[in-house]
Amino acid sequence: MKLNLFSPTLDKDLSRFGLFFLKLAIIIYAVWFLSEKKQWEHFSKIIENGFPFYLWGLLSLSIMNWVLEIKKWQKLVSTIRPIGFKEALRQSLISFAASLFTPNRIGEYGIKILYFPKNIRRKIFFLNLAGNLWQLVATVFFGLLAIGFTFLYHPKIFHSFPLDINTTILWGLLILIVSSSFFIYKTKRWKLCKKKNLPFLTIAGLSFSRYLIFSTQFLLFWMIFHQQNFDWHIYTGIFLTYLISSALPVLSMMDWAIKGSIAIWIFHLFGFPSHNMIFVTSFMWVFNFAVPFFLGLIFFFYQQKNKSNA
């Protein structure tokens with residue numbers, strides 16, 4: 001069944017959002033680079049030392065990240081009806097582009113269900129929720145590992161945290177237990193799948209793999225911009241950064257600023273360099289948010305053009 005997707009107003013909204021997005025990005029970077037001349041000079045040196053060559057490898061990690069996300073959506077929807085990778089890609093990128101201006105991309109839920117008949121939209125909503133919650137479970141899991149590592153090897157750092165360690169761990173475990181129970185209960189209650197159960201292990205594996213990919217990408221950007229060697233301890237700071245930032249209901253377009261601020265604080269506590277952290281989070285944002293956003297817009301306008309010519 002072909003979906004007569006969006007209302008005419010959404011076409012105008014996405015166009016307006018795209019222009020606003022571009023203008024805002026230009027203003028942010030113009031102000032930043034003009035006010036931080038020393039950092040700009042340091043960035044120029046990094047470019048001269050072969051940074052463009054490394055970008056291809058780092059971009060490949062973003063591609064892997066999104067391929068896994070699309071495969072996850074394909075696996076989820078396939079429990080109800082067959083869906084190809086190309087269609088899953090189109091749905092994922094268009095809904096991502098439309099939801100980038102909502103806190104924690106909550107608008108994605110409303111967009112994805114429009115691709116499906118009304119009689120299964122409730123199940124589609126749950127499938128999308130299940131995929132996102134498994135990603136949250138991965139964030140909490142690795143965040144708890146980082147908390148445990150910090151508690152064992154850097155106990156003094158906890159004096160700088162606003163939350164008590166026991167309270168944090170209990171909340172993390174509660175999220176894991178409630179999320180897992182919710183999935184199992186709803187799967188049985190709604191009879192989500194026709195012939196097979198929701199592939200929990202597959203979805204969990206894809207979510208955890210995605211988390212490790214973009215965490216490693218974060219690490220590589222940090223090594224490049226701070227000209228540091230590999231250190232396993234850096235993952236602790238990265239995991240804590242993602243754990244804390246995931247609890248904040250912010251617009252995805254401001255993700256680079258929020259994660260940058262949190263990462264500077266966390267890395268400073270561990271004694272790691274963080275003076276170029278804004279470059280790290282900005283490139284992470286460009287690779288994993290800005291590029292998919294514009295690809296989503298291209299898919300959307302191409303789809304609208306085909307509809308108008310039909």
Here the qualifying pairs (Cβ atoms under 8 Å; residues six or more apart or on different chains; first in segment 268-291 and of a type in the set (Lys, Arg); second at pLDDT 85 or above) come out as none
Starting from residues that are modelled with pLDDT of 85 or more and not β-branched (Val, Ile, Thr), keep the ones in segment 278-291 and report whichever is farthest from the chain's Cα centre (by Cα).
Phe283
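For every residue, the table says whether it meets (1) aromatic (Phe, Trp, Tyr); (2) modelled with pLDDT under 85; (3) not in a helix (DSSP H, G or I).
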residue: Asn119; (1), (2), (3): no, no, no
residue: Lys123; (1), (2), (3): no, no, no
residue: Leu127; (1), (2), (3): no, no, no
residue: Thr139; (1), (2), (3): no, no, no
residue: Phe142; (1), (2), (3): yes, no, no
residue: Ala146; (1), (2), (3): no, no, no
residue: Phe158; (1), (2), (3): yes, yes, no
Would you say Ile175 is of a type in the set (Val, Ile, Thr) and either outside any helix (DSSP H, G or I) or at pLDDT below 80 (or both)?
yes
Criterion: buried (at least 17 other Cβ atoms within 10 Å of the Cβ), in contact with an Asp or Glu (Cβ under 6 Å, 6 or more places away or on another chain), in a helix (DSSP H, G or I) and hydroxyl-bearing (Ser, Thr, Tyr) - qualifying residue of Ser95, Ser62
Ser95
Within segment 258-267, the count of residues that are without any contact (Cβ under 8 Å) to a residue 24 or more places away in the chain and in contact with a Ser or Thr (Cβ under 6 Å, 6 or more places away or on another chain) comes to 4
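The values are calculated or read from the model by the stated rules, or taken from the named source; none is laboratory data. If you're wondering where the values come from, they're calculated on a predicted model, not measured in any experiment. For neighbour counting, all protein chains shown are included, and Cβ atoms are generated from backbone atoms with ideal geometry for every residue, glycine included.
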